[in-house]
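J.: Once you've had a glance at the structure underneath, I'll fire off some questions.
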Amino acid sequence: MKCQKCQKQATFHITDLTGDDLLALHLCPDCAKGYLETGESSEDAPVISDVMSKQLKPLEQTADDLRELDAKECPICGISFYEFRQGGRLGCPHDYVFFGEDLDPLLINVHGDNQHVGKQPKRGITDTESQTELIRLRRQMKEVVEQEDYEQASQIRDQIRQIEGEGPASE
Amino acid sequence: MILDDMAGRCGEWLKGCGPESDIVMSSRIRLARNLADYPFIRRCTDIDRANIESTVRERLTNKAKLKDLTFIDVADLQTLDRQFLVERQLISREHANSDGARAVAIDQQERLSLMVNEEDHLRIQVMKSGLDLVGAWDQINDLDDRIESQLTYAFHPKLGYLTACPTNVGTGMRVSVLVHLPALVITQQIEKVFRSLQKINLVVRGLYGEGTQAMGDFYQVSNQITLGKSENDLIDQVGDVIPVVIDYERKARDFLINEKQNDLFEQVSRAYGTLQNAQQISSEETMFLLSRVRMGINLGLIGDLEIPEVNQLFIRTQPAHLQKLRHSELDTDQRNVERANYLHSQLKLDGGSEASNN
């Protein structure tokens, strides 16, 4: 019997009971390994972790560089590069600015390009700095509330309200 | 309730009409968008998620002239109802199974679906029956403009629309065409076709994301790259290759008709007969057999059944649909019996098919 995913000989006969109905699979050792390690592939996720590990291989030779990069933390959302590397998802829009140089080789690797040429927002490219500030303030607010510093919390709340009030006209 | 009404209908992608609809089931485009003033989903607090959901719902229903959209609170749904929406391709499996505030907005015809708080804040999707990517783009581009007039998207002058995963940044666009390729599977050419598509940066998946043949010989072809090409280029990248795939499938069908006629008739009429007479049947086997029957109709081997009817059977024999139609929760064994009963009632042996007369 041939592997269902490629033309090689199928030597793994897997019955998957994790889904709703039972699923019989006949796979070669390579495809079986892939299937058993990743399980069902989600819509967009598959490539990123592979690409990331390939991408960061050269860096592993200089372990110090990697350690330094991993420790970098976005000042807006607080995500570290290590956390991004582990989960494959970024923490906020500002990460594309803050980790810009570190992400560039990854973008080139995935897309073969690092310059958007398609659609742009109709209202023009607005300055979203104040929106980014909102992300930071809300996070700060949560922290001071957890520390029960209500005086500072009320100050931050006022700042948030001010920015929200002057936010882009939505009508 | 709205979902119970839906169970009795067919969504846009199963209508079985539109260009090349004997092979192309549907064309689909989705855009990933995020609000500029919230972190991406993985860094959102529960309150952030709830605020995103209520902001999107309020702005879109009140101001963006999207009154025909119905918002469904996905977090509030029973597991069965969530699975039902997955089967109809209105939400993703990830959206169904995740936690926290999340919603989906859909229109009456099920052409539009707008997931809130999936991997990105917004996942906008438009579906068309048959091969119609340009029509899908016109519709989703307009919808995106209307949403954008009410919400500020995270957008970077150099990198375009910013997304939680860097694999979607730029256009945030995924173009997919769902094709039915039973003859390429039977003639064992399907892997060859896949490999050549992968070489030109296209991705091929099974109907519900699985990579196996088990799901009725349905495959989704979509773009991998989202940055550095315009939306129209991405549409062309997929749109230009689909006619080639269609041509391969037609050639494979011709080969089966001309060279393997007896085998083909045998397979089609056995498939039809099994569906009509089974006492219990799994959803995988049903998909497999319906695929053969669908091809048999397209090749004129079955005369008493139409494509839209078969498409309807594909969706209604899915686990959640079957349970909705029967108004009760059923375990796997019970479903296999109910599925056989349902197929029996829909494929009554009146008239008989040409294939079975052969």
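None of the figures in this text is laboratory data; all of them are computed from the coordinates on show. For clarity, every value in this text was computed on a predicted model and none was experimentally measured. Neighbour counts run over all protein chains shown; Cβ positions are idealised from the backbone, glycine included.
J.: Counting helices only, and only those DSSP H runs with n ≥ 4, report the 222 nm mean residue ellipticity of the protein assembly as shown as the sum of -39,500 (n - 2.57) divided by its residues, in deg cm²/dmol to the nearest 500.
T.: -15000 deg cm²/dmol
J.: Arrange the following residues from fewest to most other Cβ atoms within 10 Å of their Cβ: B:F255, B:F40.
T.: Result, fewest neighbours first: B:F255, B:F40.
J.: If you take the square roots of the eigenvalues of the alpha-carbon gyration tensor of region B:1-105 and sort them as a ≥ b ≥ c, do you get rounded (a/c under 1.5), prolate (a/b over b/c) or oblate?
T.: prolate
J.: Mind checking which aspartates and glutamates have their C-alpha under 12 Å from B:K158, skipping anything on the same chain fewer than 8 residues away?
T.: A:D104, A:D113
J.: Once amide H atoms are built 1.01 Å from N in the peptide plane, which residues 5 or more positions from B:H156, or in another chain, come under 5 Å H to H?
T.: Residues meeting the amide H criterion: B:Y161, B:L162.
J.: If I stretch the segment between B:D46 and B:D145 completely, what's the gain in nm (0.36 nm per residue apart, minus their alpha carbon distance), one decimal?
T.: Length gained between B:D46 and B:D145: 32.8 nm.
J.: Which ordering of A:H94, B:H344, B:H121, B:H321 is given by a fewest-first count of other beta-carbon atoms within 10 Å?
T.: Lowest count first: B:H344, B:H321, A:H94, B:H121.
J.: How many angstrom lie between the C-alpha centres of region B:58-128 and region B:144-197?
T.: What the calculation gives is 18 Å, centre to centre.
J.: Find the all-direction average of the projected area of the Cα convex hull for the protein assembly as shown, expressing the result in square nanometres with one decimal place.
T.: 26.1
J.: Quick one: compute a quarter of the convex hull surface over the Cα atoms of chain B and quote it in nm².
T.: 17.7
J.: Given Cβ point charges of +1 (Lys, Arg) and -1 (Asp, Glu) and nothing else, what value in debye, to the nearest 20, does the dipole of chain B about its Cα centre take?
T.: With Lys and Arg at +1 and Asp and Glu at -1, about 500 debye.
J.: Given points 7 Å out from each Cα along the Cα-Cβ axis, report the A:D30 to A:Y82 separation in nanometres with one decimal.
T.: If labels sit at A:D30 and A:Y82, their model points lie 3.5 nm apart.
J.: Based on DSSP loop calls and a cut-off of at most 15 other Cβ atoms within 10 Å, the longest stretch of chain B free of exposed GluC sites (Glu not before Pro) is what?
T.: Looking at chain B, B:1-305 is the longest stretch - no exposed GluC sites (Glu not before Pro) with at most 15 other Cβ atoms within 10 Å.
J.: Here is a further query. Hey, got the average number of other protein chain Cβ atoms within 10 angstrom for residues in B:145-151?
T.: Averaged over the peptide's residues, the number is 3.
J.: Another question about this same structure. Could you give each residue of region A:127-144 its phi-based ³J(HN,Hα) in whole Hz, using Karplus coefficients 6.51, -1.76, 1.60 with θ = phi - 60°, and x for Gly or Pro?
T.: After applying 6.51 cos²θ - 1.76 cosθ + 1.60, I find 6, 9, 4, 5, 5, 4, 4, 4, 4, 5, 5, 5, 5, 4, 4, 4, 5, 6 Hz.
J.: Within 10 Å of each residue's Cβ, count the other Cβ atoms and sort B:D217, B:D68, B:D5 from fewest upward.
T.: Ascending number of Cβ neighbours within 10 Å: B:D5, B:D68, B:D217.
J.: Between the DSSP loop rule and a limit of at most 15 other Cβ atoms within 10 Å, which trypsin sites (Lys or Arg not before Pro) in region A:111-149 are left?
T.: A:K122, A:R123
J.: Does region B:219-358 come out rounded, prolate or oblate, given a ≥ b ≥ c as the square roots of the eigenvalues of its C-alpha gyration tensor, rounded meaning a/c under 1.5 and, failing that, prolate meaning a/b above b/c?
T.: Cα axes put region B:219-358 in the oblate bin.
J.: Sticking with this structure for a sec: Of B:G228, B:A271, B:P243, which is farthest towards the positive pole of region B:203-314's charge dipole, taken about the Cα centre with +1 and -1 on the beta-carbons of Lys, Arg and Asp, Glu respectively?
T.: B:A271
J.: Here is a follow-up. Give the shape of region B:69-159 as rounded, prolate or oblate, defined through the alpha-carbon gyration tensor: a ≥ b ≥ c are the square roots of its eigenvalues, a/c under 1.5 means rounded, and otherwise the shape is prolate if a/b is larger than b/c and oblate if not.
T.: Cα axes put region B:69-159 in the oblate bin.
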